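The values are calculated or read from the model by the stated rules, or taken from the named source; none is laboratory data. From a predicted model like this one, the values you see are computed outputs, not experimental measurements. No Cβ is skipped: glycine too gets one built from the backbone with ideal geometry, and neighbour counts run over all protein chains shown. Heavy atoms of the whole protein, side chains included, go into the accessibility calculation; ligands, DNA and RNA do not. Shrake-Rupley method; radii C 1.70, N 1.55, O 1.52, S 1.80 Å.
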Amino acid sequence: MKTLRMCAALLAYPEVELLAALPELSAALGAERLLPRAVQAELLTWAQWRYVALFARSRALSLHLFEHVRGEARDRGQAMVDLASMYRARGLAVDGDELPDYLPAFLEFASLLPAPEARGLLGESADILRTLGERLAARGSRYCAVFAALLAIAGERGLALERAARPQAGEEDTPE
């Protein structure tokens with residue numbers, strides 16, 4: 001599922017290579033036909049808007065999934081172990097510098113699964129994905145399009161992107 005890999009790339013730290021690959025990513029989205037056209041268009045209208053200010057500095061927008069449901073609780077550690085075990089059972093491992101609940105890593109893993117299984121895994125995280133997407137939409141962040149895409153792939157209720165605030169030309173996403 002190339003669409004999931006693209007969503008992972010859009011949520012990872014911005015790289016020049018990503019911008020160069022946007023035409024290829026657009027073609028992959030069109031070929032897989034997993035997303036409604038409106039979500040595809042919104043997803044491709046931006047590349048990497050103020051990633052660090054949003055995700056690295058805002059706990060409410062953390063890309064670590066378990067932080068939103070477990071916070072700093074001790075059971076977060078066991079959930080990490082369980083998720084890492086799930087990755088290893090499929091012959092994968094997370095980079096030594098990253099935690100297994102980091103959303104781009106989770107999406108990379110899901111992209112390698114059969115489509116029904118990947119959709120189910122995303123569906124299990126739908127509440128977190130929706131919460132993050134709605135928080136981003138409330139800030140006028142175009143990153144909300146990634147979360148709308150993930151919810152659409154999972155077959156879950158999406159975000160109301162038409163109600164999201166739109167930054168004016170030259171404005172940037174801002175942290176919480």
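Here's a check for you: in segment 141-152, which residue that is buried (at least 23 other Cβ atoms within 10 Å of the Cβ) and within 17 Å of PRO116 (Cα to Cα) is modelled with the highest pLDDT? By that ranking, first place goes to LEU150.
Filtering segment 107-140 down to residues that are open to solvent by 50 Å² or more (accessible area, probe 1.4 Å) and among the aliphatic types (A, V, I, L, M), which residue is farthest from LEU54 (Cα to Cα)? So the residue we want is LEU112. When segment 67-101 is filtered for residues that are modelled with pLDDT of 85 or more, more than 20 Å from the chain's Cα centre (by Cα), open to solvent by less than 80 Å² (accessible area, probe 1.4 Å) and of a type in the set (Gly, Ala, Ser), the ones remaining, listed by number, are SER85, GLY91.
So which residues in segment 86-102 are out of contact with any strand residue (DSSP E or B) (no Cβ under 8 Å at 6 or more places or on another chain) and under 17 Å from HIS64 (Cβ atoms), if there are any at all? MET86, TYR87, ASP95, GLY96, ASP97, GLU98, PRO100, listed by residue number. For segment 52-66, a residue qualifies if it is part of a loop (DSSP other than H, G, I, E, B), closer than 20 Å to ALA8 by Cβ and modelled with pLDDT under 85, and exactly one does: SER58. Against the definition (in contact with a strand residue (DSSP E or B) (Cβ under 6 Å, 6 or more places away or on another chain) and within 20 Å of LEU61 (Cβ to Cβ)), how does ASP127 come out, yes or no? The answer is no for ASP127.
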